[in-house]
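The values are calculated or read from the model by the stated rules, or taken from the named source; none is laboratory data. Source: prediction; values computed, not measured. Here Cβ is always computed from backbone atoms with ideal geometry, including for glycine, and neighbour counts include all displayed protein chains.
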Amino acid sequence: MDRSGAFNKPASATGNGHPRKPHRRMFLTMTGGTFIAALLPGRSAQATGYATSAITFSGQTVIVAGDSVRSVDVSTGTTVDLTTPERPVHALAIHPDRPDRLFAAPEDGGIAQSNDGGRLWHSAGNGLPDAQVTALAVAAAAPDTVYATVSGDGLWRSEDAGGTWSFVMDRPWIEEAERDVLALASVNLASGMGGIWLYAGTETGLTRVPDCFCRWQDVVAGDAMDALVAGAAPPPEAPLPEDEPVLALVSAHAAPERLFAALPSGLWASADGGVMWERKSSVQVRALAVDPMDPGHIAAATDTELKLSRDGGANWATLAAL
């Protein structure tokens, strides 16, 4: 890592099939903690309309965030207004070992943290660039490690639950350009790279990086290299469509090989860590969440409804209106 906080990277292939051209990382002005999260109770969501940007499971509720923050009981559909942010929330992250600790990315930058399930919030983005945080994820095996992607900048990491942040790598280089990350998921998969991967959805498709942060790369079958050396046929792959943005991306804590992705073409599912994908529904989804203890239990937010599936996305029922 150089003194700027960026890893030195050679002009080599990224794993996406495109060479990495030399480029200068555009540093953003550091705020020094000027963002103070102002998430205060106030107007009702029903009175103003409600645009959902992110959802996550928190125990037996689904936290729904956008113009305001609400919790919805998954058994009864009962909705409770938690807070109405001064700025809309773009992303949420939580870890099943800390169900009351939420991280949120408000509009225009910064990160807010709640330790009581979304009722009170404080700033947790000191040291991040003064730009929009586009996606958040808590490390699958380390609930105090949080990842944030910053628009126009790259991937940042906090190992003390948002107390301090450090830059770890640039944005993915796909189709001759660096791409902002729209969705982020930490996935604990057995592999020769240490097992922990960060999967990222971009405007042009899916990519991932091991937690060594060596390079972004395509998702391939685990034995692809062995098959190549042996001269055998490569394992089958059915990737997500490359010409669509990945709007939301989640994996189940209890079954990390199970991934779900929301694209404009609908809801897609993978049972093998993102190598083979199947479209489950053509309904357009804005946000996704999966129960960390039950990989078949999925919540999805459309423009007007919060829907729930108990069978991995095959069948859906409306839980609440949005």
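Data for the structure
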| read-out | value |
| --- | --- |
| Filter pass, SER75 being in contact (Cβ under 8 Å) with a residue 12 or more places away in the chain, under 24 Å from LEU322 (Cα atoms) and either under 20 Å from the mean Cα position of the chain (by Cα) or surrounded by 23 or more Cβ atoms within 10 Å (Cβ to Cβ) (or both) | no |
| Given (1) at pLDDT below 95; (2) within 24 Å of GLY313 (Cα to Cα), number of the condition ASP218 does not satisfy | (2) |
| Conditions (1) surrounded by 19 or more Cβ atoms within 10 Å (Cβ to Cβ); (2) over 26 Å from VAL72 (Cβ atoms); (3) touching a residue at least 60 places away in the same chain (Cβ under 8 Å); number of the one not met by ALA131 | (1) |
| Every residue from the stretch 305-322 that is touching a strand residue (DSSP E or B) at 6+ places or on another chain (Cβ under 6 Å) and among the charged types (D, E, K, R) | GLU305, LYS307 |
| The stretch 284-320, subset over 20 Å from the mean Cα position of the chain (by Cα) and among the aliphatic types (A, V, I, L, M), residue surrounded by the most Cβ atoms within 10 Å (Cβ to Cβ) | LEU319 |
| Subset of the stretch 111-125 [within 17 Å of ASP160 (Cβ to Cβ) and either in contact with a Ser or Thr (Cβ under 7 Å, 6 or more places away or on another chain) or free of Cβ contacts under 8 Å to residues at least 12 places away in the same chain (or both)] | ALA112 |
| Spans of strands (runs of 3 or more DSSP E) in the stretch 268-316 with at least 1 residues of a type in the set (Ser, Thr, Tyr) | 278-281, 305-309 |
| Filter result (surrounded by 21 or more Cβ atoms within 10 Å (Cβ to Cβ) and either touching an Asp or Glu at 6+ places or on another chain (Cβ under 9 Å) or within 20 Å of GLY162 (Cα to Cα) (or both)) within the stretch 78-87 | PRO85 |
| Members of the stretch 121-141 found to be closer than 17 Å to ARG101 by Cα, part of a loop (DSSP other than H, G, I, E, B) and under 16 Å from the mean Cα position of the chain (by Cα), listed by number | ALA139, ALA140, ALA141 |
| Residue list for the stretch 262-304, filter: within 24 Å of VAL138 (Cβ to Cβ), out of contact with any strand residue (DSSP E or B) (no Cβ under 6 Å at 6 or more places or on another chain) and charged (D, E, K, R) | ASP272, ASP294 |
| Of all residues making up the stretch 247-279, the number that are over 12 Å from the mean Cα position of the chain (by Cα) and buried (at least 19 other Cβ atoms within 10 Å of the Cβ) | 13 |
| Single match in ASP211, ASP153, ASP180, ASP130 (criterion: farther than 22 Å from SER53 by Cα and touching a strand residue (DSSP E or B) at 6+ places or on another chain (Cβ under 9 Å)) | ASP211 |
| Evaluation of MET169 against (1) assigned to a loop (DSSP other than H, G, I, E, B); (2) of a type outside the set (Ser, Thr, Tyr); (3) under 18 Å from the mean Cα position of the chain (by Cα) (one fails), failing number | (1) |
| Residues (in contact (Cβ under 8 Å) with a residue 24 or more places away in the chain and in a strand (DSSP E or B)) located in the stretch 172-182 | TRP173, ILE174, GLU178, VAL181, LEU182 |
| From the options PRO241, PRO245, PRO234, PRO256, residue that is at pLDDT 95 or above, out of contact with any Lys or Arg (no Cβ under 6 Å at 6 or more places or on another chain) and part of a loop (DSSP other than H, G, I, E, B) | PRO245 |
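Per-residue answers, yes or no, for (1) surrounded by 16 or more Cβ atoms within 10 Å (Cβ to Cβ); (2) at pLDDT 95 or above:
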{"position": "GLU159", "(1), (2)": "no, yes"}
{"position": "SER166", "(1), (2)": "no, yes"}
{"position": "TRP173", "(1), (2)": "yes, no"}
{"position": "ALA190", "(1), (2)": "no, no"}
{"position": "GLY195", "(1), (2)": "no, no"}
{"position": "ASP211", "(1), (2)": "yes, no"}
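This table checks each residue for (1) charged (D, E, K, R); (2) in contact with a helix residue (DSSP H, G or I) (Cβ under 7 Å, 6 or more places away or on another chain); (3) in a strand (DSSP E or B).
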position	(1), (2), (3)
LEU184	no, no, yes
VAL187	no, no, yes
ALA200	no, no, yes
LEU206	no, no, yes
VAL209	no, no, yes
CYS212	no, no, no
ARG215	yes, no, no
VAL219	no, no, no
